[in-house]
Protein chains: 2
Amino acid sequence: MLADPVRAAAVLTELRAALGDAAVRTDAASLAARRGDASGTSSGTPLVLVLPATTAQVSAVARIASTHRIPVVPQGALSGLAGGANAVDGAILLALTAMDAIVRIDPVDQVAVVQPGVVTDDLAAAVAAVGLFYPPDPASSSWSTIGGNIATNAGGMRCVKYGVTRDFVRSLEVVLADGRVVRTGPPTVKHVAGLDLTGLVVGSEGTLAIVTEATLALLPAPGETRGMCATFATIGDALAAANAIMAGPHRPSTLEILDAVVLAAIVAHVPDNGLPVGAQALLLALSDDRAGGADDAAAYARTAREHAALTVDLAGDPARLDALLAARRAFNPAMRALRGASINEDIAVPRSRLAELLARLADLSAELGLPIGTGGHVGDGNLHPVIAFDPAAPAQRHAAERAHLRILALAVDLGGTVTGEHGIGVEKLAALDAELGPTVRELQRSIKSAFDPQGILNPGKKL
Amino acid sequence: MLADPVRAAAVLTELRAALGDAAVRTDAASLAARRGDASGTSSGTPLVLVLPATTAQVSAVARIASTHRIPVVPQGALSGLAGGANAVDGAILLALTAMDAIVRIDPVDQVAVVQPGVVTDDLAAAVAAVGLFYPPDPASSSWSTIGGNIATNAGGMRCVKYGVTRDFVRSLEVVLADGRVVRTGPPTVKHVAGLDLTGLVVGSEGTLAIVTEATLALLPAPGETRGMCATFATIGDALAAANAIMAGPHRPSTLEILDAVVLAAIVAHVPDNGLPVGAQALLLALSDDRAGGADDAAAYARTAREHAALTVDLAGDPARLDALLAARRAFNPAMRALRGASINEDIAVPRSRLAELLARLADLSAELGLPIGTGGHVGDGNLHPVIAFDPAAPAQRHAAERAHLRILALAVDLGGTVTGEHGIGVEKLAALDAELGPTVRELQRSIKSAFDPQGILNPGKKL
């Protein structure tokens with residue numbers, strides 16, 4: 001796209017007039033730094049990086065882009081794991097990181113009004129300071145932005161109790177592809193006057209509109225987190241215990257599983273990891289219930305014992321809990337360290353299919369001769385199989401790529417999805433046909449056209 | 001539409017061939033019975049009523065309708081309050097009441113797979129029988145259907161804790177306007193592979209697609225319901241107590257308010273209503289928390305006392321609680337009985353604007369000389385002002401109509417919506433411009449066209 005240097009120069013002139021010189025960057029270092037997200041997937045060569053400071057400036061960028069039919073790639077912190085924010089050739093990279101104000105926290109309505117560039121943990125801390133709670137906690141929350149969380153409908157460990165980012169987005173201000181600014185709906189808890197544009201934009205990975213302000217729902221602060229960690233001799237016992245915990249009345253705020261491959265990788269990679277030795281599966285169950293957090297943890301422990309747990313640790317003190325969570329978070333680096341590189345999946349299946357999923361992943365690992373370690377959010381069926389391989393060994397690279405495609409197909413085969421919380425980006429476009437089918441894909445492209453008839457918003461992504 | 005009797009005859013012949021004679025009705029009694037919903041709003045003259053038994057038959061109806069460009073009006077129990085299921089001229093009334101099977105209840109995945117004609121309370125009872133819980137509880141739950149609940153994104157008293165119908169719809173099987181059958185997404189808790197078609201169809205009032213099967217999320221059974229009922233000398237005290245309860249850590253499962261006009265109407269209308277005498281406002285707060293329901297009720301009572309409650313009733317036994325809930329449910333009939341007729345609103349505003357809303361409703365009542373009684377779901381800002389008038393007095397009729405329009409404008413003016421849970425139907429089309437604005441309306445119509453390019457699905461409704 002945009003092979004015409006005369007038009008490119010005109011675009012840059014118009015952008016500088018609208019945003020000022022400092023917010024329009026074409027130097028190689030600026031462009032290189034914003035070319036791709038954390039996925040490492042391939043990206044194109046952008047025309048320019050812009051850093052708008054206001055909704056009006058975002059609107060001006062969209063107007064200029066639509067006049068010249070130039071692609072626009074909205075970007076946040078670039079913490080994405082599917083290439084959704086990667087540059088495309090000739091694009092305007094629209095970084096929303098400078099729009100990072102927490103506009104308002106309202107304790108009566110229990111909402112926060114924020115700009116898209118606010119870092120997730122910064123919002124969480126600001127609302128916690130006034131006794132409120134923003135539950136979504138993607139793994140990248142220390143550097144991901146709310147805009148990016150909205151683009152991917154980000155999840156995290158607390159989804160099992162509280163839901164995903166979409167569940168906390170009340171209303172959005174968005175800039176359309178042609179520069180018009182609209183609100184997707186009122187900020188009330190309930191409203192059915194229109195179609196649910198808010199929910200539609202959430203998870204659309206920047207393909208429908210550019211989010212310039214979000215009204216987010218908050219909850220009263222939860223109780224102190226209590227928890228238990230149990231190990232099992234088989235992954236089947238751990239899954240059965242997880243299902244029993246979910247069937248019980250004490251909904252955990254986090255319910256994570258790690259399999260034997262992951263446990264061995266963490267034990268090898270993390271000194272003083274605090275993990276029990278020799279277990280084939282680990283279950284971590286937390287509760288933040290105000291009235292009964294300690295009772296909940298005890299109930300999870302009882303359930304684990306009823307399902308033949310080898311060890312049960314009631315993780316009494318916060319330091320012990322932090323150590324366990326740190327070990328859980330070492331999952332990805334530990335798997336990567338096994339052979340130097342890894343492919344990280346993000347599949348989800350109905351919980352009743354998890355045992356079959358794990359059995360078939362073990363078969364796949366054996367067949368292809370590569371370690372596949374699986375862990376993640378067992379409470380909502382969203383697991384992250386990680387394929388470890390040696391990047392210097394071509395046979396392993398190819399085997400890992402085959403494993404990747406087989407795992408995506410497996411998720412769909414078990415009635416699930418190729419992505420639970422990371423998004424499609426550029427990485428999983430090839431899997432869409434199998435999961436969605438041609439009619440749904442056609443419908444989604446028609447919806448895209450309704451928002452963006454020229455197709456300039458993040459082309460080549462998501463859809 | 002459809003002035004051509006030759007084409008009408010052809011349509012009927014094709015419908016009979018596809019569904020069998022018994023499922024295709026053109027007799028006056030059958031058509032009259034299905035012309036309009038519970039709103040009493042005006043409806044058109046339909047061509048035919050069809051009662052499909054399978055998704056394939058629904059698909060056949062859509063194919064026939066799209067071939068002949070005939071409108072199709074999907075219908076459930078006709079419990080709607082906005083005319084969303086009303087007949088339009090020349091339409092095929094597509095009643096989904098015969099598709100009333102609970103296909104499957106899965107205790108591991110905690111989902112129910114149901115056909116659209118299942119009555120809400122029947123589903124709730126079936127899942128309760130296996131220790132599970134379907135929270136959405138619209139006031140019409142004893143006769144409304146899941147399909148209708150999905151069409152309007154129905155709410156109810158428990159929304160304040162559990163959310164609306166959309167929050168419990170995991171995946172839908174729908175028939176498109178041209179007869180194609182698709183699934184809107186996988187039934188997993190989390191998935192971000194596509195745009196959120198599921199959420200988009202929920203609340204679309206039959207304008208985008210015809211729901212033929214729904215996978216609904218369930219929760220473990222809650223605890224026994226405990227509660228308290230408090231009365232206050234002013235509505236302001238009651239609102240302040242409600243805000244304090246919502247700010248506290250014990251999220252109520254129901255938080256309802258009734259103002260002085262409603263209380264007086266119920267006291268006059270319902271013998272043995274169990275309501276305290278002379279109060280200007282009443283607050284009902286319930287908890288179904290397993291660990292701490294009784295503690296929660298006590299906390300609500302303390303909060304009510306801290307906000308100058310006149311009386312606080314801890315509603316210790318279930319019979320007392322049932323009596324209070326029955327009084328709350330008498331709200332609409334009691335208001336109607338005041339003068340013989342009523343207009344029932346369904347507005348929602350941010351909770352911080354409720355005091356202003358109630359003050360302005362009182363001003364409006366005084367100005368127009370009509371009783372306006374307000375009550376409802378104070379916990380999520382969704383209130384139901386009811387305008388009482390004498391249908392035999394033209395001046396009162398006109399004043400009531402003026403009050404109706406003024407209340408809709410007031411909701412929008414306070415940053416809210418003209419409908420929190422009932423839908424737009426035909427009743428509130430005129431209010432859409434003020435609430436949504438022209439750009440959002442245009443977007444919504446473009447989305448409608450993406451689903452239904454001929455515009456045959458429930459034309460003249462919602463959008």
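The values are calculated or read from the model by the stated rules, or taken from the named source; none is laboratory data. Only a predicted model underlies this, so the values are computations on that prediction, with no experimental measurement involved. FYI the Cβ positions are ideal-geometry reconstructions off the backbone, even for glycines, and counts take in every protein chain you see.
For segment B:142-194, which residues satisfy the criterion of being surrounded by fewer than 20 Cβ atoms within 10 Å (Cβ to Cβ) and small (G, A, S)?
B:S142, B:G163, B:G179
Any chance segment A:316-330 includes a residue that's within 12 Å of chain B (Cβ to nearest Cβ) and either within 29 Å of B:L216 (Cβ to Cβ) or touching a strand residue (DSSP E or B) at 6+ places or on another chain (Cβ under 8 Å) (or both)?
Checked segment A:316-330: no residue is within 12 Å of chain B (Cβ to nearest Cβ) and either within 29 Å of B:L216 (Cβ to Cβ) or touching a strand residue (DSSP E or B) at 6+ places or on another chain (Cβ under 8 Å) (or both).
Going residue by residue through segment A:261-277, is there one that turns out to be within 21 Å of the chain's Cα centre (by Cα) and surrounded by 24 or more Cβ atoms within 10 Å (Cβ to Cβ)?
Scanning segment A:261-277, I find at least one residue that is within 21 Å of the chain's Cα centre (by Cα) and surrounded by 24 or more Cβ atoms within 10 Å (Cβ to Cβ), so the answer is yes.
Scanning segment B:404-448 for residues that are of a type in the set (G, A, S) and over 18 Å from A:T188 (Cα atoms), which turns out surrounded by the fewest Cβ atoms within 10 Å (Cβ to Cβ)?
B:A430
Under 7 Å between Cβ atoms, which residue pairs at least 6 apart in sequence (or on different chains) link something in segment A:152-164 that is touching a residue at least 60 places away in the same chain (Cβ under 8 Å) and within 19 Å of A:I257 (Cβ to Cβ) with a partner that is of a type in the set (K, R) and surrounded by fewer than 22 Cβ atoms within 10 Å (Cβ to Cβ)?
Correct list of pairs: A:K161/A:R251.
Working only within segment A:409-436, note down all residues that are more than 7 Å from chain B (Cβ to nearest Cβ) and outside any loop (DSSP other than H, G, I, E, B).
Hits for segment A:409-436 are A:A409, A:L410, A:A411, A:V412, A:D413, A:L429, A:A430, A:A431, A:D433, A:A434.
Considering only segment B:414-428, state which residues are hydrophobic (A, V, I, L, M, F, W, C) and out of contact with any helix residue (DSSP H, G or I) (no Cβ under 8 Å at 6 or more places or on another chain).
Of everything in segment B:414-428, just one residue is hydrophobic (A, V, I, L, M, F, W, C) and out of contact with any helix residue (DSSP H, G or I) (no Cβ under 8 Å at 6 or more places or on another chain), namely B:V426.
Okay, residues lined up against (1) in contact with a strand residue (DSSP E or B) (Cβ under 9 Å, 6 or more places away or on another chain); (2) among the basic types (K, R); (3) in a helix (DSSP H, G or I):
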{"site": "B:I70", "(1), (2), (3)": "yes, no, no"}
{"site": "B:D89", "(1), (2), (3)": "no, no, no"}
{"site": "B:L94", "(1), (2), (3)": "yes, no, no"}
{"site": "B:G117", "(1), (2), (3)": "yes, no, no"}
{"site": "B:D122", "(1), (2), (3)": "yes, no, yes"}
{"site": "B:V130", "(1), (2), (3)": "yes, no, no"}
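If I go through segment A:266-297 residue by residue, how many of them are farther than 30 Å from A:L132 by Cα and out of contact with any strand residue (DSSP E or B) (no Cβ under 6 Å at 6 or more places or on another chain)?
13
So which residues in segment B:343-365 are of a type in the set (D, E) and in contact with a strand residue (DSSP E or B) (Cβ under 6 Å, 6 or more places away or on another chain), if there are any at all?
Correct list: B:E345, B:D346.
Here is a check on your reading of the model: is A:G194 in a loop (DSSP other than H, G, I, E, B) and not assigned by the TED database to the domain that holds A:T303?
For A:G194, the condition - in a loop (DSSP other than H, G, I, E, B) and not assigned by the TED database to the domain that holds A:T303 - is met.
Hey, any hits in segment B:399-407 for a residue that's on the phi > 0 side of the Ramachandran plot and either facing chain A (nearest Cβ under 10 Å) or in contact with a helix residue (DSSP H, G or I) (Cβ under 9 Å, 6 or more places away or on another chain) (or both)?
no
Limited to segment B:449-461, what total is found for residues that are buried (at least 21 other Cβ atoms within 10 Å of the Cβ) and facing another protein chain (nearest Cβ under 8 Å)?
Residues that pass the stated criteria total 1.
Given the criteria facing another protein chain (nearest Cβ under 7 Å) and assigned to a helix (DSSP H, G or I), does A:L200 qualify?
yes
Looking only at segment A:144-156, decide whether some residue is away from chain B (no Cβ under 12 Å) and of a type in the set (V, I, T).
There is at least one residue in segment A:144-156 that is away from chain B (no Cβ under 12 Å) and of a type in the set (V, I, T).
Among (1) at the interface with chain B (Cβ under 8 Å from one of its Cβ atoms); (2) in contact with a Ser or Thr (Cβ under 9 Å, 6 or more places away or on another chain); (3) closer than 19 Å to A:P453 by Cα, which single condition is A:R166 missing?
Exception for A:R166: condition (3).
Hey, does segment A:374-382 have a residue that's of a type in the set (G, A, S), closer than 19 Å to A:G80 by Cα, within 14 Å of another protein chain (Cβ to nearest Cβ) and touching a residue at least 60 places away in the same chain (Cβ under 8 Å)?
yes
Return the residue satisfying two criteria in turn: it lies in segment A:221-252 and is part of a loop (DSSP other than H, G, I, E, B) and more than 14 Å from chain B (Cβ to nearest Cβ), and of such residues it is farthest from the chain's Cα centre (by Cα).
My answer is A:A233.
What's the number of the only condition in (1) surrounded by 18 or more Cβ atoms within 10 Å (Cβ to Cβ); (2) within 21 Å of A:G179 (Cα to Cα) that A:G36 fails to meet?
All conditions are met except number (2).
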